[in-house]
């Protein structure tokens, strides 16, 4: 993947990859249709409805051309604002008709497993995008969590998180907010109209150019109780174990075993069963979860987000796997309190609860 330092170089690498796949399958053309796949190839915002799985256009790849099939509503926007000079022909059709894909074109669904596997390892250009995105997602969440006052509703806090992300050109694709006792009840707390008085936890996944970065932070307006401090410290310690074991060649199943042992050592054996522990991210909030006995091996260039939780607490950051281990991309000790956690594989910095 050396040399993929620009959007065009990354695009050309992926086109070569797809054409090689077509040649191996003796197929003439491929039609990409999902948001994840079309954004992976083009870097364009491929949605109108952010919640839809299907993109608002299709991309056809043949042995000698790449073109986009899109209705007349979106065609000029995509040409003028999204493609940034990429050599993709835009072929439009009237919104009240149906686009014509090449007869016999290989549908994305026929290669979905292979295609997803190609998205797991990010090239140098994508890694640069993820680093910048992660920095901005982390800064957005810290900015909001450091500035709101008690009495705010969970929905209002979510709105402020959305504003901070969107002002940086980042699409919020997951926003979880809980306050006070509700943090103990819901592992995926969609925000409600409940007011936050003492304690809040927010988890965010932000997307730009198809890539996604995840982060979780929590704030207390009172000194931490011994119980809350113990639960958060356990989450952070397990997270540190997961990150320290995130090394090229290790399997997701192996890392999960270390996570399971970490929970037990912290006095919370079995807690891992109550929520997934994270895994490979990138073009999906989680492209692959760490499950027992998973043989999927980590590789340099993979994006990883672990998210251990003990009722009411969670720590989460986006990391990039390198040859020597994982680099945390969303955490900066300059804008959030942290604690160093000693593991058998080294010291790892994890976020603390911000006491305000």
Flag for residue 96 being assigned to a strand (DSSP E or B) and either under 26 Å from the mean Cα position of the chain (by Cα) or over 26 Å from residue 301 (Cα atoms) (or both)
no
Expected single match for without any contact (Cβ under 8 Å) to a residue 60 or more places away in the chain and surrounded by 15 or more Cβ atoms within 10 Å (Cβ to Cβ) among 152, 111 is 152
Counting only residues that are part of a loop (DSSP other than H, G, I, E, B) and under 17 Å from residue 144 (Cβ atoms), which one in segment 167-212 is nearest to the chain's Cα centre (by Cα)?
170
Take the conditions assigned to a helix (DSSP H, G or I), within 29 Å of residue 5 (Cβ to Cβ) and in contact with a strand residue (DSSP E or B) (Cβ under 6 Å, 6 or more places away or on another chain) and apply them to residue 129. Does it pass?
yes
Is at least one residue of segment 28-50 in a strand (DSSP E or B) and either assigned by TED's automatic domain parsing to the domain that holds residue 296 or without any contact (Cβ under 8 Å) to a residue 60 or more places away in the chain (or both)?
no
Looking at segment 189-227, which of its residues are in contact with a strand residue (DSSP E or B) (Cβ under 7 Å, 6 or more places away or on another chain) and free of Cβ contacts under 8 Å to residues at least 24 places away in the same chain?
190
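On the given criteria, is residue 138 outside the structural domain of residue 12 (by TED's automatic domain parsing), buried (at least 20 other Cβ atoms within 10 Å of the Cβ) and part of a helix (DSSP H, G or I)?
Spelling it out, residue 138 is indeed outside the structural domain of residue 12 (by TED's automatic domain parsing), buried (at least 20 other Cβ atoms within 10 Å of the Cβ) and part of a helix (DSSP H, G or I).
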Within segment 310-317, can one find any residue that is over 17 Å from residue 145 (Cβ atoms), surrounded by 13 or more Cβ atoms within 10 Å (Cβ to Cβ) and assigned by TED's automatic domain parsing to the domain that holds residue 249?
yes
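Looking at 287, 305, which is the one that is closer than 16 Å to residue 120 by Cβ and crowded, with 22+ Cβ neighbours inside 10 Å?
Going through 287, 305 in turn, just one is closer than 16 Å to residue 120 by Cβ and crowded, with 22+ Cβ neighbours inside 10 Å: 305.
The values are calculated or read from the model by the stated rules, or taken from the named source; none is laboratory data. As the structure is a computational prediction, the values presented were derived from the model and not from experiment. Methodologically, a virtual Cβ is constructed for each residue, glycine included, from the backbone with ideal geometry; neighbour enumeration extends over all protein chains shown.
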